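Quick notes on the structure that follows.
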2 protein chains.
Amino acid sequence: MRSTLLSRRDLDFLLYEWLDVEALTDDPRYQEHSRDTFDAVLDLSEQLATRHFATHNKKGDEHEPSFDGTRVTIIPEAKQALDAFVKADLMGAGMAYEAGGLQLPATVTGACFAWFQAANVGTAAYPMLTIGNANLLLAHGTPEQIETYAKPLVAGRFFGTMCLSEPQAGSSLGDIVTRAEAQPDGSYRLFGNKMWISGGEHDLAENIVHLVLAKIPGAPEGTKGISLFIVPKLLVESDGSLGERNDVTLAGLNHKMGYRGTTNTVLNFGDGTHTPGGAAGAVGYLVGEADKGLSYMFHMMNEARIGVGLGATALGYTGYLKSVDYARLREQGRPVTAKDPAAKPVPIIEHADVKRMLLAQKSYVEGALALEMFCMRMVDEQRIAETVAARNRIGLLLDILTPIAKSWPSQWCLEANNLAIQVHGGYGYTREYDVEQHYRDNRLNPIHEGTHGIQGLDLLGRKVTQQGGISLRLLSESIGRTIADAEESGGELAELAEQLGEVLGRVGTITAGLFASGDIDAAMANSSVYLEAVGHLVVAWIWLEQMLACEGKTGDFYDGKRQAGRYFFRYELPKTGPQLTLLASLDRTTLEMRDAWF
Amino acid sequence: MRSTLLSRRDLDFLLYEWLDVEALTDDPRYQEHSRDTFDAVLDLSEQLATRHFATHNKKGDEHEPSFDGTRVTIIPEAKQALDAFVKADLMGAGMAYEAGGLQLPATVTGACFAWFQAANVGTAAYPMLTIGNANLLLAHGTPEQIETYAKPLVAGRFFGTMCLSEPQAGSSLGDIVTRAEAQPDGSYRLFGNKMWISGGEHDLAENIVHLVLAKIPGAPEGTKGISLFIVPKLLVESDGSLGERNDVTLAGLNHKMGYRGTTNTVLNFGDGTHTPGGAAGAVGYLVGEADKGLSYMFHMMNEARIGVGLGATALGYTGYLKSVDYARLREQGRPVTAKDPAAKPVPIIEHADVKRMLLAQKSYVEGALALEMFCMRMVDEQRIAETVAARNRIGLLLDILTPIAKSWPSQWCLEANNLAIQVHGGYGYTREYDVEQHYRDNRLNPIHEGTHGIQGLDLLGRKVTQQGGISLRLLSESIGRTIADAEESGGELAELAEQLGEVLGRVGTITAGLFASGDIDAAMANSSVYLEAVGHLVVAWIWLEQMLACEGKTGDFYDGKRQAGRYFFRYELPKTGPQLTLLASLDRTTLEMRDAWF
């Protein structure tokens, strides 16, 4: 029986037939690997996700973590699943050997991790945060910090969090007020409250490593005065043993619509509940230089944003597969031209409108998965780049793709879940089926790790303009190369290439026009619309890439890819038309709207 | 403080400044009413909804009805609220005096009922079903049936249900298998299972009147062999007193994502749990003629479909108002052109992207409310029409508007709730705020009372083609009159009229082209896309109507209406462009897709 979590066939296509992940093994970094080791870890991930994660997805939703004022209780299946994940060395799958990892390519570990997100996004959030946390420390920590915190994270003994938001400062990190006071021994004491902290309290691991943004008194205002601190739940002695309780306390849990398996917390730092070393404040250790915390955090955030996009994709993908299965089994109605009411009903997959809802899902989830895998491949490319110039080039391309890799699946794979419910009819609206939970879980993704609106501002206000527009130029060149390939292959692909080229040309012209106007308010007013239009352009490009990789190949799998690609070009890409027209007009409708008119 | 359920100011505008509901009092049917009585019942509805319904909305969601195998338990606040509703004579607000009603116009009772749906759609479902049930019996029942069942429904002593679906037959009612066997005394005995029955079991009223579709053995196959029966939970004696338990038993409750306050049941008819009169089967009484049940049910369904649209609108509306309030209070970030990080943060309502999300909601929910009120006004117009020809004409216009009145708010006011969550950020994703529940509740609306896809088939396959296309012609003429009015007023409205006229023209051409093709499969393949395009056309027309009603008027309310109308024409109506292009191409992408390719 095929899995209803993800399609391994599709992953194999993306990794081996399109992105040529095997080529990475030519590089010294990945030379000990081969397709065999890649396949083995993919097999293992599918098995563990199916046996240990999918099995408690519904239970984790029905029995969300609870807090009795002292302890947080989480269903035991979550710890069992995470123990299995850790035991299989998956926490360090992508980390370097010297950090205790398996040094697998990001493309492979991304594909592996998607299995866990598809199976149980609530439980999978713990390793996702822990991996991001460890990667940040491996990149920016001192050797001692790496030894004390990063390695136990990689080994799965400690879990991690990222503590950015505060009750008054969500999207606007420059306004955080948590303060870090320097101590004579070089450590800091932190005081403040953090909001929306996933994995902020639990007994799933021996210790929790909080990475906390705070301001050192006297630091510059805004984002330029933010520093980053390691704040462990339990202090770690010099021999690595666990010591005293630090003054990080749980003020309460947030109760969410979905993603319920992940504890989401309000944390108090230094509220006096504990007095480590007999003094006030939560003990913290500065990471890197003072006031540069946000840039380190963005190292982690960019990875987290692709991870969010991948999670949204995984939820969309499993909902798609489940709705295909349902549509094959459910018999209802007859073809529109059938006149005999006594004829046997047909499986609903035969109705055009059901096929439309399934094709739409297929075009969203396979398009999104390909986009995420492409970004992961760029991460690998960046790692093995031989020159600084090459590394920077790839970094600039990744910069412009990241807001899209985060936002596009968060929007369209949520829409896929919406359609998966619709295919199921009334049954899809009940908790007896899985798809309603996927829809609730997926609704978080346009909010966390930078809202949809923030991604739009990031894309248009920062990524598109950085270094004289080089990122957009690099993206255009990449799309242009695909267009050239498709034109060369002729026929249908050349026609699609022409359609893509027209949209690409309009995006270029309109982007230039926005900034040429000199009216920054008007240029930025519709940054979300810009994000959505460029998102569709990018995913259409990724679809054309996939269709090129199918060229000359026969069989149901390739025919399905081609048809989903056609669907995207016929039903989806044209939606950019009115969006780009609106952008070109420098529309001021929202700017002219007044508070009193609502 | 203004209400966050609905805007009374907006309702007053729609009823009195646009639809001239006061003119109805010239007709003998409504002559005892005046604006004063209309206002009084609107005031009362707002008060009761605010005090008795809104107050247990969250509790009803958190504590959904439970079934212990014998009894269904519903939180007591629901019964208290419904008792208050009944005591205020609102169950019969729209019914004729002789039935025990207040004989108010449908436009007014619709506006009243929207308050209850905005406050608590789960509890409001009980009267909605009861009113529909009573209206059907008043239209098609015998005098005795009216006396025995309809009057207690109007008085709120009995509640009603509509039992259509079965586990194997949801959208495809022709496939129901519940059978009704004629008895010598003229009654029937029913045997079968019904699925998705809202309000199927509870202790909220003295009795439950199920209206059940079933087949009499030997009846024609399909929808032409369906009859309608009254099946009371408790048999009613000739003196009106309640007698023996009928053989209608609760097999179980469905557990839904939202709309949790409404019991949703699987009911067994005639499974032998009870043996009324010592014999097998559930006692039922035929309504009207045998085999004509579906036409009677559609009488109720059309009303129910407008009611569903109104409920979706009400949920969208309250979410909109709550997100406006939140955006006014929540301070975060600074204008995009502000450079000083120490400047005070601004309320998020000042950010262009937040204004976009609020304006989009305003354009959806005020557009939808106006559409529903327009349909209600047509119901009134139909009731007081002086000639059969006039009545039929209005009926044909209502026929084509009904699938849109049902589906458009179900899609776009759900999207409004999506945006309301997004405006709230992380807070909107928690159960501490209201908007996540509205989103979950509203997700039912594209499914029940005919799915989105069914509405598309109904619109394109039935309503557009009926009687040689007269319905679409009547709609086009109505839109044409508004266009002419707007052209006459000149300026901005004339420009919008031109834009609307172009879309209207394209819809006409493309509709003709679909059927001229002779390829019914291709013509119907994108009926959902057609539904959505025509829906946007209709709502744009309704917006132009509202803008005309604002002409020459000044003040924040009118400026807000105008700006929301502009938003709809600039951001929304252009979305029909690619949809109509797709329809014009007679696209076969879905038809050519094969099962094995998924």
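The values are calculated or read from the model by the stated rules, or taken from the named source; none is laboratory data. As the structure is a prediction and not an experimental result, all values here were calculated from the model. Here the Cβ positions follow ideal geometry from the backbone for every residue, glycine too, while neighbour counts run over all protein chains shown. When the accessible area is computed, the model is the full protein with side chains, heavy atoms only, and any ligands, DNA or RNA have been set aside. Shrake-Rupley method; radii C 1.70, N 1.55, O 1.52, S 1.80 Å.
A 1.4 Å probe, protein heavy atoms only, puts the accessible area of A:W412 near 40 Å². Loop-resident trypsin sites (Lys or Arg not before Pro) (DSSP state other than H, G, I, E or B) in the range B:293-382 with no more than 13 further Cβ atoms inside 10 Å of their Cβ: B:K339. Taking every C-alpha pair closer than 8 Å and separated by at least 6 residues, the mean separation divided by the residue count of chain A gives a relative contact order of 12 percent.
From the cross-link list B:K406/B:K463; A:K256/B:K58; B:K322/B:K463; A:K292/B:K344, which pairs have alpha carbons spaced over 25 Å apart? Over 25 Å apart, Cα to Cα: B:K322/B:K463. For A:T273 and A:R245, calculate 0.36 nm times their separation in residues minus their Cα-Cα distance, and state this gained length in nm to one decimal. Answer, rounded to one decimal: 9.1 nm. Between the beta carbons of B:A139 and B:D595, assuming R0 = 51 Å, the FRET efficiency works out to 0.70 to the nearest 0.05. Label points for A:R391 are taken 7 Å from Cα along Cα→Cβ. From this copy to the others they lie 8.3 nm apart, shortest first. Taking R0 as 41 Å, what FRET efficiency do you get between B:E487 and B:F67 from their Cβ-Cβ distance, rounded to the nearest 0.05? For B:E487 and B:F67, the calculated efficiency is 0.10.
Excluding same-chain neighbours fewer than eight residues apart, the lysines reachable from A:K233 by a Cα-Cα span under 21 Å are A:K79, A:K151, A:K194, A:K215. What is the helix-to-structure angle for B:76-87, meaning the angle in degrees between its Cα long axis and the longest Cα principal axis of chain B, kept from 0 to 90 and rounded to the nearest 10? Orientation of helix B:76-87: about 90 degrees from the principal axis.
A label point on A:R481, set 7 Å along the Cα-to-Cβ line, lies at 6.2 nm from each of its counterparts in the other copies, closest listed first. Measuring from the axis that maps chain A onto chain B, the chain A residue with the nearest beta carbon and its rounded distance in angstrom come out as A:G577, 3.
Gain on full extension, evaluated as 0.36 nm per residue between B:K224 and B:L329 minus their Cα-Cα distance, stands at 32.0 nm. Estimated from helices alone, the mean residue ellipticity of chain A at 222 nm is -16500 deg cm²/dmol (sum of -39500 (n - 2.57) over DSSP H runs with n ≥ 4, per residue). Between 0 and 90 degrees, the angle of helix A:466-489 with respect to the longest Cα principal axis of chain A falls at about 30 degrees. Shown is the FRET efficiency for A:Q466 and A:D20, computed with R0 = 41 Å from the Cβ-Cβ distance and rounded to the nearest 0.05: 0.90. Across the copies of the chain, B:E498 has label points (7 Å from Cα along Cα→Cβ) spaced 3.1 nm apart, shortest distance listed first. Restricting the trypsin sites (Lys or Arg not before Pro) of the range B:24-72 to loop positions (DSSP other than H, G, I, E, B) with no more than 14 neighbouring Cβ atoms within 10 Å leaves B:R71.
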